[in-house]
Structure formats: C-alpha cells, structure tokens
Amino acid sequence: MPGLRRRLTYSNVMASVAVFVSLGGGAYAATAIPANSVHTAAIRNGAVTGPKLAPGSVTATKIAHDSLTGAQINVAQIGTVPNATHADVADSATTAATATNATNAINAANATNATNATNATNASDSNLLGGLGASAFQSRIAGNCANDSAISQVNADGSVACSGIQTYAGRITVPTFGGQVSASTNPILTIPGVAQAGLVTCSNSAATVRIMNEDVGAVDMWTVDASGTEYDGSTWAASSSTDPGSGLTWLLGVGTGANAKVIQVTVDFAITGTGSCVAQGRAQVITATS
C-alpha cells in the first residue's frame, strides 16, 4: 500500500473518476429516454421498418393528403363504393337497360322522360303520318280486271271497280287518186250513235279522213297530233289530212258521271305496191260501268 500511495497522482485519480462517470451516464441514457426527446434528425433513414410499428399505430389522420396513389392501394380489398350500385360500363348506364328518369335509354326501347324515343321501337307520332291515321291514305291496289275490261275506280281499301272495254274496227282499200270521194260511200269505221270516220282522199303524198258527229251537241272531240291535243267542241264535223305514212287520232267524250265513255279513234294508212291505199281504223271505248 505505501508503494501504491506513492504512485497515485492527481491526474490519475481524475482520469479514473471520469471513466466511471461516463460509463454510468451511458447506461442511464440507454435505459431511461424521456418522452419526446428523440427527434426526426436523430433517427437514421430506414431505421424504423414495418415490423417495428404497432398495429393500428398509423391512422388516417397521420397520413398526408394525396400521399397515397393507386399503385400503393390494393383495389381487391376495396368494396362497393357507397351510393353507387351501378357505375360506368355497369348494368345500367348510357345506352344501357335503364337511364335517367326513363324506363330505357337513348338507342334503347324507350327514352328520357318519354315512352319511346329516337331510334327506339316506337317514336313520337310513329302511328301517324302528318298527323293522319292509316285510314286517311290509299291502300295498296290488290284487285284486277278481266281481259275485256279495265280499272275504272280504285277504292280506299285497295279493291277496284272494272269497266267494260268495247272495241270497233274497220278497214277499206281504194285505188290511189287525188279526187274527192264521198265519205258516206267510203266508210272506214262506225261507232253507232257516236261518230263515223270515212276516207276522203288518198294518194302517194297525202291522205284525208273526215270524222262526223252522229250526236251533235252530246259528243266532245279532241284532235291529237304532234303539237298536242286541241279541243274541237261538241258540234264538230272535221276533216284531217296527214302523210300516208302517219296516222290520225281523235279522242271522243260521251255522257257524264257513271255513264261517261272515253273513246280513242285511230286511223292508219298504207300505200301498197299495186297502187292501192289501205285505211285501217280502230276505236277503243272505256266505260265507267262494268
């Protein structure tokens, strides 16, 4: 001991004390850290990992707004969005089974606030045309007439009324010459009680036919030629000339109402190689009754 005491100095003693104080202070700091004494700057990056966090310790209020993106969220764990039973491309959307305030949507069976819509099964006024029902329009013609009659009336339901067709024909052959010939002795065609057509002249350059009214005042006549149709009245007795290579046509009107008749009279000519003139007449009568 006397030898040890002689070796102790002030510096040795103070160094030993400092060692014990530093060791004691470190132990105290490791076992008793006061609350809120560790700040962000004192934590090393990556030192706090998931297993070191207590369950439920990170709540919604501790997450900054817009800090999480879709890539960081597991969509499979998210349920139906509140108040959104159907969304885009769902069972009920635009052009789907059900739409806003309507049974069905645009391009569907029905439309917004309407029973039927554009491009739908039925549209506004679909059962009407110009505000009129189907009964206001002519039905498709479904009737027909026999060979010896023609359609004189088409009824609203598509049925038809037929009128009898009468025809008259006549033919005369005379030598070609330029003199006048009595029409009464050279008749081509006779329509009893209506008119008679007779040959007046016939040559290589011209042919003349006279058509005479057999019921003056009761038969109207129109002459038809290349320039059109000309009304000749009801007290006519007309003569018409033409080139033998052409024909002559008249329209005759007889009676009124259901008893009316329309008669077309046509006369054609031909000059034969033997020097004869052939005149052929025909008349077709269409009546309003069968």
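The values are calculated or read from the model by the stated rules, or taken from the named source; none is laboratory data. For clarity, every value in this text was computed on a predicted model and none was experimentally measured. Here the Cβ is made from the backbone with ideal geometry for all residues, glycine too, and neighbour counts use every protein chain on show.
Per-structure values
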quantity	calculated
All positions within region 205-234 that are more than 16 Å from Ile191 (Cα to Cα), more than 56 Å from the chain's Cα centre (by Cα) and loosely packed, with under 13 Cβ neighbours inside 10 Å	Ser205
Residue check, Gly193 free of Cβ contacts under 8 Å to residues at least 40 places away in the same chain and surrounded by fewer than 12 Cβ atoms within 10 Å (Cβ to Cβ)	yes
Hey, Ser182 of a type in the set (Ser, Thr, Tyr), surrounded by fewer than 17 Cβ atoms within 10 Å (Cβ to Cβ) and at pLDDT 85 or above or not	no
Residue within region 177-200 that is under 48 Å from the mean Cα position of the chain (by Cα) and within 22 Å of Ile286 (Cβ to Cβ) present	no
Subset tally (residues that are in a helix (DSSP H, G or I), small (Gly, Ala, Ser) and modelled with pLDDT of 70 or more) for region 27-54	3
Residues located in region 235-263, provided they are in a loop (DSSP other than H, G, I, E, B) and more than 22 Å from Val200 (Cβ to Cβ)	Gly255, Thr256, Ala260
Subset of region 140-174 (residues that are within 30 Å of Ala270 (Cβ to Cβ) and surrounded by 14 or more Cβ atoms within 10 Å (Cβ to Cβ))	Ala150, Ile165, Gln166, Tyr168, Gly170, Ile172, Thr173, Val174
